[in-house]
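Here is the structure we will look at.
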Amino acid sequence: MAFKPNYNQQRAERNRAKEQKKQEKLQRREEGVAARRAGETDGDQTEQDGSDTQNDAVTTDTNNA
């Protein structure tokens with residue numbers, strides 16, 4: 001081993017890498033939230049359309065019985 005290990009430097013590098021990973025994860029989560037919020041109005045319409053289809057199917061079943 002040419003140099004004496006510098007544990008404080010290694011620890012600081014690990015902490016920097018850990019903090020960078022946390023920031024990237026937080027950014028991905030925030031982007032996901034923003035995407036869901038942007039699509040929220042479109043999602044509400046889709047959910048309502050889906051529930052109407054299910055109600056029609058139930059009505060059809062009762063008519064056949």
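The values are calculated or read from the model by the stated rules, or taken from the named source; none is laboratory data. Given the structure is predicted, the values throughout are model-derived calculations rather than measurements. Because the Cβ atoms are built from the backbone with ideal geometry, glycine has one as well, and the counts that use them run over all protein chains shown.
Worth pointing out:
- Residue match in region 41-56 (condition: out of contact with any Gly (no Cβ under 7 Å at 6 or more places or on another chain), part of a loop (DSSP other than H, G, I, E, B), at pLDDT below 95 and surrounded by 10 or more Cβ atoms within 10 Å (Cβ to Cβ)): no
- Residues being modelled with pLDDT under 95 and either of a type in the set (Gly, Ala, Ser) or within 22 Å of the chain's Cα centre (by Cα) (or both) - total across region 2-31: 1
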